1. Out of curiosity, is A:Leu36 surrounded by 17 or more Cβ atoms within 10 Å (Cβ to Cβ), in contact (Cβ under 8 Å) with a residue 40 or more places away in the chain, in contact with a helix residue (DSSP H, G or I) (Cβ under 6 Å, 6 or more places away or on another chain) and not assigned by TED's automatic domain parsing to the domain that holds A:Tyr152?
2. Check A:Pro94 against each of (1) surrounded by 14 or more Cβ atoms within 10 Å (Cβ to Cβ); (2) facing chain B (nearest Cβ under 7 Å); (3) modelled with pLDDT under 85 and name the one condition it does not meet.
3. Residues that are within 14 Å of chain A (Cβ to nearest Cβ) and over 26 Å from the mean Cα position of the chain (by Cα): does the range B:205-213 have at least one?
4. Do you know which of the residues in the range B:400-459 that are acidic (Asp, Glu) and within 30 Å of B:Tyr378 (Cα to Cα) is nearest to the other protein chains (Cβ to nearest Cβ)?
5. For the range B:427-434, state whether one or more residues are within 28 Å of A:Thr39 (Cβ to Cβ) and among the β-branched types (Val, Ile, Thr).
6. Of the numbered conditions (1) assigned to a loop (DSSP other than H, G, I, E, B); (2) of a type in the set (Val, Ile, Thr); (3) surrounded by 16 or more Cβ atoms within 10 Å (Cβ to Cβ), A:Thr85 fails exactly one; give the number of that condition.
7. Does B:Ile395 satisfy the condition of being surrounded by fewer than 22 Cβ atoms within 10 Å (Cβ to Cβ) and either closer than 30 Å to A:Ser37 by Cα or out of contact with any Asp or Glu (no Cβ under 7 Å at 6 or more places or on another chain) (or both)?
8. Is it the case that A:Val84 is among the β-branched types (Val, Ile, Thr) and under 19 Å from the mean Cα position of the chain (by Cα)?
Amino acid sequence: MPKRTILGVYQKPDDVAETVTRLRQAGYADNDFDILSGTPYPEGTFGEKVAAHRLYVFPLVGAICGFSIALLITAGTQLSYPMVTGGKPLLSIPPMLIIMYEGTMLGAILATVMGVIFESRLPRFDLGVYDTRITEGYLGVLVASPEEKLGYTEQLLRETGAEDIKKR
Amino acid sequence: MQHAIHSRHVNPRPHLPETPAALTRDVLGKFSRPQGTGLLVVSGILVLLGIAGFAMRLSGGFSDRGAWGYYAAIYVFLLSTAAAAPILAVATRLTKGYWRKPLVRMAEMFATVGILSVAMLIPILGVLPPIEGRTTFWMAWPDHHWYPQMSLVAGVLGLTICGFGLLFISAKPDLAAARDHVPGAGRGFGAWLATGWAGTPHQWKIVRQGVTYLGIFYLMMLVGVHFVVSVEMAITLVPGWRDPIFPAYHAVSSLQAGLAMLVLTLGILRANGYKEYLALDQFWNPGKLLMSFSMLWFYFWWSGFIIFWYGRTAPEEGVMMTVMFGPTFGAFIVAFFCSFAVPLLMLMWNPVRVSIKGPVIASAVILVGNLFDRIRIYEGAFLVTQQGGHFVEHIPATRMPDVADLLVAVGVVGGIMFIYLIGMRIIPLLSLWELKEGQLLTETRHILGAEVVAIGKPE
């Protein structure tokens, strides 16, 4: 079933909270609507679903990769040139730790930056339905509505205090 | 304390526009019409002078390590100040310090200076010897020859990438605001970086988490870099120098200098268009930290020094003479007074600490102290040309800076200003989203006759 996107622009946070409640009552699932804001409101302010994320996986995987590469460089090169000096162990752990620490950090940093871009679904060159007033303090409720429910949804948004409606 | 504040008629808190729309207009107005064009030109000229000084130094080749001592000192000064300045943003974010909001971006903007850190490291890699001929913990296996250089490159590069990542992610919502409201060319390249930002709860959560992660990594990386730099560029060049406290001293003195660099910058910005955003709170709170770091400077220096002073073995005497009482004795005295004694004696007084000028002046003194501290360490260490041995056999003579050294120093100061000024033309210098969050979560209330600020901390 084709869906269209409709955006209601609000000034008051209370109206947005009411809109979320009404949308749920109207049969919309949590994934069918989203809140847009220029300010990071505390999670759950509008009764919206608390967003889950997997960002923590990225630094973890990056750190493991960085550590492995650093281990490969340090241990691999020493094992490739097996020269025992003064009866000491072939692998000298303390110097290796420095490179491995830096490798781990480097991997974690690069993966975190990539993770933020990936998890934020960026870059997205087509912003879709949007209103520039959102970064000025207004709030947006973005609804993915079936074509036949579009009129009803628009009416719902107006009833809950939307100052402006945009559709696509 | 209240008396001290009121007696100066200074509002402790910033006076921000009252609505999000007004705040957005004001912040983006400052962004689209940046000040300091004259300073940008002057700093550009200083950079050119620095490049000329670098060319003069380069013409002498890499073989004379002593000639590169001041260059190394200035380089480490750069790492200790500009590279450490974003730490205040990181630390106050992690501890949820409310007063940070107007100054976090000003601190993070110093991450851009990482470009200069990477560029200036390149000749040092050529000047530093491989592991042969110096006391080092790297084992003398064929594959280890260039590990000191490798660890330096990995550390500085990692720190720079982390800094840029931190700045980019933290600025993304504000770049979106610039995209939406700054007309034409004024929105700049930065707005392009915000492509796709709509401000969904999911995006906000990712930004918050990303900034937290990268902030922690930045702190971890900075400490690691100071360990590697102090070991590879100082300790291992001086025969007989074994001091586990020194890398910690190096990191702590860097945090002190980074904070001082930021407070001095805040003072300059307050006088140039950011007065409403930078009030007493933004100077008084870092002032307390500066005083603590001044005491920590002494504690860490003393902890290392007392072992050498009472040990008095030949290696210990050699180290003391090389980096404290020998060729760089004058620099050591200046460092001692400007990093510890003078700022502590200034900031221990309430009227000085609870003011705007006091912490700014103390910061300028600390920066002078840190520069001379790095000179006494790195100029001293680079002057030692002895290969191997268990102690410094001949204490080197004092070498005064030449024209090339002075030009490089001027160039680095110019470079920091130049890159910072370019940065504030690409990214807003105020963290708009955090200021708006502050507006949302802050309320002034009255308890009987007193006026208090109630701050919401949702997490």
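The values are calculated or read from the model by the stated rules, or taken from the named source; none is laboratory data. For clarity, every value in this text was computed on a predicted model and none was experimentally measured. As a convention, Cβ positions derive from the backbone with ideal geometry for all residues, glycine included, and neighbour counts pool all protein chains shown.
1. No; evaluated as a whole, the condition is false for this residue.
2. So A:Pro94 meets the others, but not (1).
3. yes
4. Result: B:Asp405.
5. Yes; the residues of the range B:427-434 include at least one that is within 28 Å of A:Thr39 (Cβ to Cβ) and among the β-branched types (Val, Ile, Thr).
6. Among (1) assigned to a loop (DSSP other than H, G, I, E, B); (2) of a type in the set (Val, Ile, Thr); (3) surrounded by 16 or more Cβ atoms within 10 Å (Cβ to Cβ), the lone unmet condition for A:Thr85 is (3).
7. Yes: the conditions hold for B:Ile395.
8. Numbers: among the β-branched types (Val, Ile, Thr): yes; under 19 Å from the mean Cα position of the chain (by Cα): no.
Spelling it out, it is not the case that A:Val84 is among the β-branched types (Val, Ile, Thr) and under 19 Å from the mean Cα position of the chain (by Cα).
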